[in-house]
Every structure is written in structure tokens, then in C-alpha cells.
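What follows is a set of notes on a single structure, which appears directly below.
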Amino acid sequence: MTAELIEGARVLFEDRVQQASVRIEGGVITGIDVARDGAQVIDGRGRLLAPAFVDIHGDAFERQIMPRPGVTVPVETALLETDRQLAANGIATAYHALTLSWEPGLRSVDTGWQVVRGLQRLAPRLTTENRLQLRWETFCPEALPLIVEALDAPQTPSVAFNDHTSAALLHPSVALHDRPFDLVPDYPVTDMSTPAFAQKMEARAKRSQMATGEFVALMSRVWNRRGRVADDIAAVAFLARDRAAPMLSHDDSQIETRDFYRGHGARIAEFPMHERVFLTAREAGDWIVLGAPNAMRGGSHLGSPGAAEMIRRGLCDILASDYFYPAMLGAVVRLLADGVAGLPALWRLVSANPAAAMGLHDRGRIAPGLRADLVLLDWPDAAMPAPLRLWSAGRAGYAALPSGTASAARAPVHQAG
């Protein structure tokens, strides 16, 4: 692999932004401000060179598999398109939040197997590092064989404990962000026979390609599995600990919930739904993840705590793309404009911190010896930035030249310095 030297860009280091040259060779960063020494020179003048994004929870790939409700396309076509979208948005490492649910259709275990097999077949052709987050619905024991196989793969996935079953069956008198720990004996359950509940399930039934009444009946049968859920959680957590797989718990609403999953080894709180969970997670030293769309839009679409406020309070470590890949860059732009923090601190939320939480200590920062996962940005003053080039382990993953631009002549935003 020919060495490359990116010259003239303003480089985003962990604690500062300064003009520097960055040399990459053999997939790694081999020097800062070193001699050209035969390297191919990349003109970075007027651009910002930053660590590529590390996305630990993204489910936008589902829209490639099912671009319209009930309409699916071949999984490999969807995964190839997703890979291109990741690269074009500056994401060099992505954990696809693969929901493994008892629901038929898009989020079924059958679709999960197709995604796992598809990524295996496509691996030599993919531009970025496509990994898996096994987003396991805890009422779905049918997923256990897939989880076992995926945990034995060369690229260790993460495991996210997800209970949308209890959340969907919560009695309407209790707010979602106040729901009790999912496994309490007296969990407040809604009446599944009402027209209001059927209406609530219409969208999920359509996604599962089922009639609403059939879907509600299936949900009722699944709820009867509740007695085995705690044992299944313990079994999956044991497997994950044995393989040193990072573990997350999703949408925690109670301290008891966070304590329960931490006790099983899940040290990442993903999308906490109440301030008390943020506080107990921080006190315990857990990683805290929020959605980048939350930060980019100025609030959560579900009414959860706002990302900007949590970042200001030191209660958010990581921003994930969630359902929109461009949101990782968009969140940084919005938070920077709002004065939440400086650029180096904000960028850690989307690069160094998620890499560390996943145990990927070879990426997420620009320093000699680390993977050459880099993104070169066009960032005109007072305008939305756009990725121009992406390197994934030193490979050219994406390149775009704006119309009418012969060379890099525009400076990045003033705040970047």
C-alpha cells in the first residue's frame, strides 16, 4: 500500500486543532509532520482532518432492507448501499443495531440470520468496518443460536439487552420514562383486548407483515414467556462476558434496571430515559450513550432527556447515529454552534469515546501507531460541513470533489481552532 501524506489541513487532535501533516501507510498513521519521503501527497489546505466516526448504535440500515412498510429488498443489496452511506458520512466503524425479536419480518431472527450471513459474504467488498450490535429482545429465546454463533465470529459484536415487549404492554396510566423495572412481579400491564391497544400495534403489525389482530394474539403468547426471561438474560450475559463482548442496556428508566444489567456486566447505558438513570450510571462509572439525532434536532422525539443538556452536565459520553447516519456530524455542528463545548471535546463523543467503550483502542484518535481511520471535511464558515474523503484502515473509502472546486481554498469554521 502506497504511503500517503495529507498536507495543509487543520488536524483535529484529542485536545486541540492545529495545522499539521499526517502520514499514513500500511493502514496506520505513521507520523505527524514528517518528511514526504516518497509518499503520495493529498492536498488538505482549507480542510479539516478528523478521526472518522465510530458509531456504536445505528439502525438506519433497516430502511435499506425495508424502504417502504412491508416492502423488502435483497439483504446484500441493502448492506452494500448501507456501507456506501456509512463511508459518505464519515463513519469508518459501524455497529449495526440488529434487532433480534420474536416479531416476524424486518426484526425477526430469520432476517437477523440473513444480515449475519450477508455481512460474512460481503466482508471483502465492504468499504468500512461493518460490525454488529446484537440488539436482543429479551423475550426472544429463538435468537440464542444466532447470538452464540455471532459471538464466536472474528469481529466480536456487542450485545444490547432490549425489552420493547414490556414497554409496549405498559399500562397507559404509567409514563414510558417512569415504567418500573421490567422484571418486577407486579408490572402494570395494559388490557390487550381494547381497540386502543390494537390501534397502538398497527404500525408494528404492518412492519411484521401481519394483521393487527394476529399480531396482538402473538404478543399475548409471547408475554406468557415472562417467567423464563431472567434466566435467558443471565445465559446471554454469561456468553458475552466469556467472549469479552461489550454489553449495553437499552432505554433504562429505573435505577434498579441499570443496576440489574450492570450486575450482569453491561457497563454501557444506552439511551437512558430518566435523569435518575443518568446519575446512577455516572456514579458507577458506566458509559452513557445518547442519540446524535437528539443532539442535532435539539431534543428527543420520545421526550427523553435532551442530549445537549446531558453533555453540558457531564452525563453523556457517546453520541450514536441511531436512525440517521448524517446526525453524527450534524450533532457536532449544532452543539458547537450552541456553545455546548469546544470541537475537540465534542468530537470525542463520536470517535474516541465510542471506540474506548467498545474496546477498540486502535482507533478514534489521530496519533502515530493508530489505525488510519480519517475523514477530510469541507467546512466553510457558517455552513454545514461535508465529508470529502474517508480513509478506513488507510484504504480510500470515499472521495468527493464539490462542483467548481479545483483545490481546497476555503477555511473551516473559525470555531474549529
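Just to be sure before I move on: is Ala94 over 22 Å from Thr156 (Cβ atoms), touching a Phe, Trp or Tyr at 6+ places or on another chain (Cβ under 9 Å), small (Gly, Ala, Ser) and at pLDDT 95 or above in the structure I sent? No; evaluated as a whole, the condition is false for this residue. Scanning region 82-106 for residues that are of a type outside the set (Ser, Thr, Tyr) and over 17 Å from the mean Cα position of the chain (by Cα) gives Trp102, Glu103, Pro104, Gly105, Leu106. Screening the candidates Ala35, Ala39 for the property of being buried (at least 16 other Cβ atoms within 10 Å of the Cβ), among the hydrophobic types (A, V, I, L, M, F, W, C) and over 28 Å from the mean Cα position of the chain (by Cα) yields one hit, Ala39. The C-beta contact set for region 265-276 (first residue in contact (Cβ under 8 Å) with a residue 12 or more places away in the chain and under 15 Å from Arg135 (Cα atoms), second residue crowded, with 23+ Cβ neighbours inside 10 Å and among the hydroxyl-bearing types (Ser, Thr, Tyr), distance under 6 angstrom, 6+ apart or interchain) comprises Ala266/Ser249.
Taking first residues from region 342-358 that are without any contact (Cβ under 8 Å) to a residue 60 or more places away in the chain and partners that are buried (at least 21 other Cβ atoms within 10 Å of the Cβ) and of a type in the set (A, V, I, L, M), the Cβ contacts under 7 Å between residues at least 6 apart in sequence or on separate chains come to Leu346/Val332; Leu346/Leu335; Leu349/Ile318; Leu349/Leu319. Of all residues in region 213-230, those satisfying the criterion of being surrounded by fewer than 18 Cβ atoms within 10 Å (Cβ to Cβ) and without any contact (Cβ under 8 Å) to a residue 40 or more places away in the chain are Gly213, Glu214, Ala217, Ser220, Arg221, Asn224, Gly227.
hydroxyl-bearing (Ser, Thr, Tyr), part of a helix (DSSP H, G or I) and either in the same structural domain as Phe278 (by TED's automatic domain parsing) or within 17 Å of Glu256 (Cα to Cα) (or both): does that describe Ser173? No.
Of all residues in region 184-197, those that are in a loop (DSSP other than H, G, I, E, B) have Cβ atoms under 7 Å from Cβ atoms of residues that are aromatic (Phe, Trp, Tyr), 6 or more apart or on another chain, in Thr190/Phe197; Asp191/Phe197.
Quick one: would you say Glu76 is more than 20 Å from Ser158 (Cα to Cα) and in a loop (DSSP other than H, G, I, E, B)? Judged against the criteria, Glu76 is not a match.
At least 2 residues that are under 23 Å from Leu390 (Cα atoms) in each: list the strands (runs of 3 or more DSSP E) lying fully within region 258-351 that qualify. Before the answer, list the steps.
Details: elements: 268-270, 287-291, 318-320.
Counting at least 2 such residues, we get 318-320.
Of the residues making up region 177-186, those that are modelled with pLDDT of 95 or more and over 14 Å from Val222 (Cβ atoms) are Asp178, Arg179, Pro180, Phe181, Leu183, Val184, Pro185, Asp186.
Restricting region 279-334 to residues that are hydroxyl-bearing (Ser, Thr, Tyr) and closer than 20 Å to Thr93 by Cα leaves a set whose member that is surrounded by the fewest Cβ atoms within 10 Å (Cβ to Cβ) is Tyr323. Against the test of being surrounded by 14 or more Cβ atoms within 10 Å (Cβ to Cβ) and either of a type outside the set (Phe, Trp, Tyr) or farther than 30 Å from Arg117 by Cα (or both), the options Asp182, Asp186 yield a single qualifying residue, Asp182. Among the conditions (1) modelled with pLDDT under 95; (2) under 30 Å from Phe271 (Cβ atoms); (3) touching a Leu at 6+ places or on another chain (Cβ under 9 Å); (4) not β-branched (Val, Ile, Thr), the only one that Gly105 does not satisfy is (3). All conditions in (1) in contact (Cβ under 8 Å) with a residue 60 or more places away in the chain; (2) of a type in the set (Phe, Trp, Tyr); (3) farther than 12 Å from Phe161 by Cα hold for Phe260, with the sole exception of (3). Restricting attention to region 234-257, the residues that are in a loop (DSSP other than H, G, I, E, B) and within 21 Å of Met358 (Cβ to Cβ) add up to 6.
The C-beta contact set for region 317-337 (first residue within 16 Å of Gly306 (Cβ to Cβ), second residue in a loop (DSSP other than H, G, I, E, B) and aromatic (Phe, Trp, Tyr), distance under 9 angstrom, 6+ apart or interchain) comprises Ala320/Phe271; Asp322/Phe271; Gly330/Phe324.
Only one of the numbered conditions (1) closer than 22 Å to Asn353 by Cβ; (2) part of a helix (DSSP H, G or I) is violated by Asp231, and that is (1).
Do we have Ala97 as over 23 Å from Ala52 (Cβ atoms) and in the same structural domain as Arg68 (by TED's automatic domain parsing) here? Write out each step before concluding.
Details: over 23 Å from Ala52 (Cβ atoms): no; in the same structural domain as Arg68 (by TED's automatic domain parsing): yes.
Criteria not met by Ala97.
Taking region 272-288 on its own, how many of its residues are in contact with a His (Cβ under 6 Å, 6 or more places away or on another chain) and at positive phi? Break it down into steps so the answer makes sense when it comes.
Start the filter on region 272-288 by keeping residues that are in contact with a His (Cβ under 6 Å, 6 or more places away or on another chain), which leaves 273-274.
In the following step, the residues that additionally are at positive phi were identified as none.
Count: 0.
Out of curiosity, is Leu134 more than 24 Å from Arg228 (Cα to Cα) and modelled with pLDDT of 95 or more? Walk me through it before giving the result.
Values: more than 24 Å from Arg228 (Cα to Cα): no; modelled with pLDDT of 95 or more: yes.
No.
Could you tell me whether any residue of region 141-154 is buried (at least 16 other Cβ atoms within 10 Å of the Cβ), farther than 26 Å from Ala244 by Cα, in contact with a strand residue (DSSP E or B) (Cβ under 7 Å, 6 or more places away or on another chain) and not hydroxyl-bearing (Ser, Thr, Tyr)? The answer is no; no qualifying residue exists.
The values are calculated or read from the model by the stated rules, or taken from the named source; none is laboratory data. Note that this is a predicted model, so its numbers are computed, not measured. Cβ sites come from the backbone with ideal geometry, for glycine too, and all protein chains shown count toward neighbours.
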